[in-house]
Amino acid sequence: PGPAAVAPGAADAAPGRLGDGGFQECAGLALEADVREYLQGGANDEVVRRIGRVRLQPLVLKRGMLIAADGGSADTSLWDWLHGMVAGGAPVPRYDGDVEVLDPAGRRVVAHWTFVRGLPLKITGPTLNARTGEIAVEELHIAHEGLRLERTP
């Protein structure tokens with residue numbers, strides 16, 4: 001599989017679409033169920049297990065950038081979103097979004113996750129070094145309230 005793309009869209013009080021970007025790494029596409037064990041008196045050779053809450057990991061997108069729709073300079077939407085939250089803007093806008101895995105040619109979606117009610121946890125700007133010739137990349141951490149793997153056509 002090829003690079004991951006993220007596209008946060010509107011949710012709750014969020015104003016429209018936030019942006020599009022391409023990232024080479026994505027972590028946090030996981031759901032983990034909490035299992036609780038109950039011991040029963042006299043049944044020493046067995047344990048009853050019941051499902052508890054699901055734990056969600058933050059999405060961590062690395063080695064990419066959000067791209068301006070008009071092809072201009074870097075898109076500042078994510079930085080503005082986090083800065084507005086830090087500055088005490090209320091209500092904090094939440095965004096639903098998509099994470100897609102593209103084939104190696106970048107033409108076909110091979111996996112598609114949706115997340116709901118995302119909030120920015122951390123944005124790291126690029127490390128700039130003109131001597132290495134590396135491209136500028138950002139790192140983005142998003143907390144969310146739900147994650148679903150969708151069927152792709």
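The values are calculated or read from the model by the stated rules, or taken from the named source; none is laboratory data. Since this is a predicted model, take the numbers as computed values, not measurements. Here the Cβ is made from the backbone with ideal geometry for all residues, glycine too, and neighbour counts use every protein chain on show. When the accessible area is computed, the model is the full protein with side chains, heavy atoms only, and any ligands, DNA or RNA have been set aside. Shrake-Rupley method; radii C 1.70, N 1.55, O 1.52, S 1.80 Å.
Data overview
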quantity: Enumeration of residues in region 23-45 that are touching a Leu at 6+ places or on another chain (Cβ under 9 Å) and either open to solvent by less than 100 Å² (accessible area, probe 1.4 Å) or acidic (Asp, Glu) (or both); calculated: Phe23, Glu25, Cys26, Ala27, Gly28, Leu29, Ala30, Glu32
quantity: Among (1) at pLDDT 85 or above; (2) open to solvent by 70 Å² or more (accessible area, probe 1.4 Å), the one test that His83 misses; calculated: (1)
quantity: Qualifying residue in region 93-115 (condition: under 11 Å from the mean Cα position of the chain (by Cα), without any contact (Cβ under 8 Å) to a residue 60 or more places away in the chain and surrounded by 15 or more Cβ atoms within 10 Å (Cβ to Cβ)); calculated: yes
quantity: Subset of region 57-80 [open to solvent by 60 Å² or more (accessible area, probe 1.4 Å), at pLDDT 90 or above and among the hydrophobic types (A, V, I, L, M, F, W, C)]; calculated: none
quantity: Boolean, Gly16 is modelled with pLDDT under 85, in contact with a Pro (Cβ under 7 Å, 6 or more places away or on another chain), part of a loop (DSSP other than H, G, I, E, B) and under 29 Å from Arg107 (Cα atoms); calculated: no
